[in-house]
Amino acid sequence: MRVSRWLGIALSVWMLSACGQEMIGTNIVGYNHTDKDIGHFTVDGKGGTYLGAHEGGGGFVCCVAVPDPWRPNLTVKVGWTDEYDKNYQERVVPVPKYDEIGHFSVHFLRNGEIKVFVTMYALWSPSYPLKGRDAQLRPGVDPVGPGGKN
């Protein structure tokens, strides 16, 4: 019994390495586009912090592991609590294709959606994957970088 158990583990490790699936740790950053504070959020049970209404991007927490390279049907479980750090909720969210590993961004959108991205870019960059009204933390106010520049 013991030999077959170790053989199964060795076979699993070999299969993962044969697929080229290296896991890379990356920092998590959150963005709250809603009118309500988020008491705490996590990605696959990792990281997490408070996010005030219409705030985000100001701090990174460690860490969530993502595969390199990206693989189809990749998802994460985003968990969060309400503004009073109660009423825990979870949602499984698809991770869009990425070519480079940067930080792991989590967006709580006004329409109730949660979107995530692995990206090298800041929210105000023209290359950031979230665009238009969805990228605005406050309705009608486009994100700007340090010094008020895009």
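Bear in mind that the values in this text are calculations on the coordinates, not laboratory data. Given the structure is predicted, the values throughout are model-derived calculations rather than measurements. Cβ: placed from backbone, ideal geometry, glycine included. Neighbour counts: every protein chain shown.
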Taking 28, 114 and counting other C-beta atoms within 10 Å, the order from fewest to most: 114, 28
Please state, to two decimals, what the Cα-based radius of gyration of segment 61-150 comes to when divided by 2.2 N^0.38 Å (N = residues). 1.17
For residue 85 paired with residue 55, estimate the spin-label separation in nm (one decimal), with each label point 7 Å from Cα along the Cα-to-Cβ line. 1.4 nm
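Multiply the residue gap between residue 111 and residue 23 by 0.36 nm, knock off their C-alpha separation, and tell me the result in nm, one decimal place. Before the final figure, lay out the partial values.
Working: separation 88, 0.36 × 88 = 31.68 nm, distance 3.18 nm.
Value of the extension gain: 28.5 nm.
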Sort the following peptides by mean Cβ neighbour count (other Cβ atoms within 10 Å, averaged over residues), highest first: 121-127, 55-61, 69-75. 55-61, 121-127, 69-75
In this structure, the FRET efficiency calculated for residue 144 and residue 75 from their beta-carbon separation, with R0 = 22 Å, to the nearest 0.05, is 0.10
